[in-house]
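Let me begin by presenting the structure, written as structure tokens, before commenting on it.
Bear in mind that the values in this text are calculations on the coordinates, not laboratory data. Given the structure is predicted, the values throughout are model-derived calculations rather than measurements. Here the Cβ positions follow ideal geometry from the backbone for every residue, glycine too, while neighbour counts run over all protein chains shown.
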Protein chains: 2
Amino acid sequence: MPATIKDIAKKVGVNVSTVSRVLNNRGYISDSLREKIERAMIELNYQPNEVARTLFRKKSNMIGIIIPTVAHPFFAELCSHLEDYAYRHQYKVVLCNSQHDRDKELMYLNYLKANQVEGILMGSQTINVAEFSKIALPLVTFDRAISDQIPYVSSDNYEGGRMATELLIEKGCRKIAMITGSLKLPMLSNRRHDAFVEAAKKHGIWYTVLETDDYGFNPDNYEGIIMELFSKYPDIDGIFASSDVIAAHILKICHQLNKKVPSQIKVVGYDGIAFSEATAPPLSTVRQPIREIAELAFDLLMKQINHEPVECVNILPNELKIRQTT
Amino acid sequence: MPATIKDIAKKVGVNVSTVSRVLNNRGYISDSLREKIERAMIELNYQPNEVARTLFRKKSNMIGIIIPTVAHPFFAELCSHLEDYAYRHQYKVVLCNSQHDRDKELMYLNYLKANQVEGILMGSQTINVAEFSKIALPLVTFDRAISDQIPYVSSDNYEGGRMATELLIEKGCRKIAMITGSLKLPMLSNRRHDAFVEAAKKHGIWYTVLETDDYGFNPDNYEGIIMELFSKYPDIDGIFASSDVIAAHILKICHQLNKKVPSQIKVVGYDGIAFSEATAPPLSTVRQPIREIAELAFDLLMKQINHEPVECVNILPNELKIRQTT
């Protein structure tokens, strides 16, 4: 039989309500009595039923993370850092991959509410503003500005796009392309594209833009687009890819077509995931501060949970990593 | 004010206990009455409090996943598939990265028990058999055989190691190396190394073995080992890496040292993560059936939860993907 709250009370010689005050951190209790009760819990191997405590305290110490898929290395790294911050603050993480499926995303939102998670971190791309406003829970989004009430965190997408494009031009590229995720989605990351176009125009450089599928992350789709680009414009000499994963596929196809990187063609990625250091040659990229994004997002969620004021617009600077593909 | 179970009962004209029977799927209730009650729930926008239901039914519909880190692409893909199967069976996933930290792992185990998760999927490498046996919850492990009571799922590590090594030898390699995770840990993946040694001996081929740090996943450590290998044995002509991530770093260093792959040196990886198709050149590898591993592990957990018998030893076949590095 596991020890109950009654066993603890009996051992220490106090009322059950006194033990309950210690468990729930409510009301006055002297330090020495608290210590006695806590020691008794350890000695009797007392395991509080967290579900009952959640119901009682209305505090689950759980948060939900909704992302397109943790199989994508950017979200995997983000998730790993988020779980790390959550753990340090005694929070647990419910992982929800939306797979770009609107029904799944809505189902998860309802589920998370019903289970009294205290807040949600959301990298969603499918649900609309009206649906968001119904959530009525502390919420932080990534790379998407929903309203001026819901805080978001993102890297400085425009400045990142500008740095990448200027790097290609500075290194001598005269005919450049950008391969980007779909521009139809209302994502802040589309600013990378705006910066690319404006930098090319400013320097009077020929450019073209190719978009991936609506809900990207499909290597076959990437490679089709890259092959199409090279067959249409064989003299392209610089490419800015809106993710390191796309950039890796470009390097692979350059290798297959025997296009020398960086002497014949230069490539810059975006994200700065771990793998960007392991490509051959190592990828020049715009490194997002993934750890800092996770830390700030978690912090903004905690502030909302504690009814503290928060900044809604949170844009963090990137770092241009010049490696061997430019 | 959100609708309560009383509001539903009043609207339909039944007792609260009848509504409760529908909510909890217990006892007899006619289809037409069930439908009436469910329609009333939708009309009144009733949100059941899942925490209260968990307490009542002793069923949380939650499982825990404890892995070293979701930032590693193998675990990220495994996790993504697990979440997919869990979702299809109306289960939610609590993500726990142990970061190879024994205290964190034990803390998570206690937390998951206290929160009445129904079972745990575990890719743990640190806690010992005695600690495992205390868990007293349905449990499935990956790549680790704890006891003959706890089911595990793994790829056929020995056969995978044999296929990789035979491929190198068949393609003409005469001086081969293996770079493996630490062999000090009691992991089933060490069988890859056993197969490597036995295949090399069988064919009378010179070989050497290098181990990474105890708790691997450190690119700097990988690259140090690879550089050491090439400086000590510059005429190595084939390498079997025990993960695709290690193999990618080998390809990067071969590129830096101007060693031609596959003409001067051949490389085979293990795992078959998405990125193995995007290396330059595309990596030959032993592809683990990651989706099938996730599906079977989830299925074994469900069977235990439902008190059905389970097989303890579950070894799934790999597929040798011959691409352009051999």
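Kindly provide log₁₀ I(q)/I(0) values, in the same order as q = 0.06, 0.09 Å⁻¹, from the Debye equation applied to equal alpha-carbon scatterers of chain A.
-0.30, -0.57
With a 10 Å radius around each residue's Cβ, average the other Cβ atoms per peptide and rank A:175-182, A:107-114, highest first.
Taking the mean over residues of other Cβ atoms within 10 Å, the ranking is A:175-182, A:107-114.
Considering amide H positions built from the backbone, and no H for Pro or chain starts, which residues 5 or more places from A:Asp143, or on another chain, come under 5 Å of its amide H?
Long-range HN contacts for A:Asp143: A:Val153, A:Ser154.
Dipole of the protein assembly as shown, Cα-centred, from +1 at each Lys and Arg C-beta and -1 at each Asp and Glu C-beta, to the nearest 20 debye?
For this selection, approximately 1240 debye.
Please give the charge dipole size of the stretch B:222-302, origin at the Cα centre, charges +1 on K and R Cβ atoms and -1 on D and E Cβ atoms. Round to the nearest 20 debye.
That gives a dipole near 360 debye.
Could you pull out every residue, at least 5 positions away or on a different chain, whose amide H is within less than 5 Å of the one on A:Ser284? Hs are placed 1.01 Å off N in the peptide plane, and Pro or chain starts have none.
HN-HN under 5 Å from A:Ser284: A:Gly269, A:Arg323, A:Gln324, A:Thr325, A:Thr326.
Which residue, B:Ala136, B:Asn190, B:Met227, has the largest displacement toward the positive end of the dipole of the stretch B:132-264 when charges sit on each Cβ (Lys, Arg +1; Asp, Glu -1)?
B:Met227
If you add up the charges near B:Phe298, with Lys and Arg at +1 and Asp and Glu at -1, over every other residue whose beta carbon is less than 14 angstrom from its beta carbon, what do you get?
Working: positive: B:Arg88, B:Lys92, B:Arg291, B:Lys303; negative: B:Glu83, B:Asp84, B:Glu118, B:Glu292, B:Glu295, B:Asp299, B:Glu308.
Neighbour charge sum, excluding B:Phe298 itself: -3.
Evaluate the distance, in nm, between pseudo-label points positioned 7 Å from the Cα of A:Glu211 and of A:Ser147 along their respective Cα→Cβ axes.
My value for the distance between the label points is 2.7 nm.
Sorting check: for B:90-96, A:227-233, B:29-35, which peptide has the highest mean count of neighbouring beta carbons within 10 Å, and how do the rest follow?
B:90-96, A:227-233, B:29-35
Compute, for chain A, the length of the dipole vector about the Cα centre, with Cβ point charges of +1 (Lys, Arg) and -1 (Asp, Glu) only. Units Debye, rounded to 20. Don't jump to the answer; show the numbers that get you there.
Values: 38 positive and 39 negative charges, 157 e Å.
Here chain A has a charge dipole of around 760 debye.
Just going by the charge dipole of the protein assembly as shown, with Lys and Arg at +1 and Asp and Glu at -1 on Cβ, which of A:Leu283, B:Leu320, B:Ser60 is farthest out on the positive end?
B:Ser60
Say the cut-off is 28 Å between C-alpha atoms; which of A:Lys321/B:Lys266; A:Lys104/B:Lys36; A:Lys232/A:Lys252; A:Lys11/B:Lys92 go over it?
A:Lys321/B:Lys266; A:Lys11/B:Lys92
Show that you can apply the helix-only estimate: for the protein assembly as shown, add -39,500 (n - 2.57) for every DSSP H stretch of four or more residues, divide by all residues, and state [θ] at 222 nm to the nearest 500.
Numbers: 24 runs with 284 residues, N = 652.
Mean residue ellipticity at 222 nm (helix-derived): -13500 deg cm²/dmol.
Across the residues of B:114-123, average count of Cβ atoms on other protein chains within 10 Å?
Averaged over the peptide's residues, the number is 2.
Under 37 °C and 0.692 mPa s, how fast does the stretch B:270-326 diffuse according to Stokes-Einstein, given a Kirkwood radius computed over C-alpha pairs? Answer in µm²/s, whole number. Let's see the in-between values first.
Values: Rh = 13.1 Å.
The calculation lands on 251 µm²/s.
Let me know the mean shielding of B:245-251 by other chains, meaning the per-residue number of their Cβ atoms within 10 Å of its Cβ.
Average neighbour count from other chains, rounded to a whole number: 3.
In square nanometres, what is the average projected area of the Cα convex hull of the stretch A:178-309?
Value for the stretch A:178-309: 9.9 nm².
Diagonalise the Cα gyration tensor of the protein assembly as shown and give the resulting equivalent ellipsoid semi-axes, square root of 5 times each eigenvalue, largest first, whole Å. Write down the numbers at each step before the final one.
Details: eigenvalues 425, 218, 101 Å².
Each semi-axis is √(5λ); the values are 46, 33, 22 Å.
Can you quote the Å³ per residue value for the convex hull of the Cα atoms in the stretch A:59-114, rounded to an integer?
In the stretch A:59-114, the Cα hull volume divided by residue count equals 54 Å³.
Check B:Val209: other-chain or 5+ apart residues with amide H under 5 Å from its amide H, H built from backbone geometry?
Here the answer is B:Met178, since their amide H atoms fall under 5 Å of that of B:Val209.
If the cut-off is a Cα-Cα distance under 17 Å, which lysines reach A:Lys202, setting aside same-chain residues fewer than 8 apart in sequence?
A:Lys171, A:Lys175
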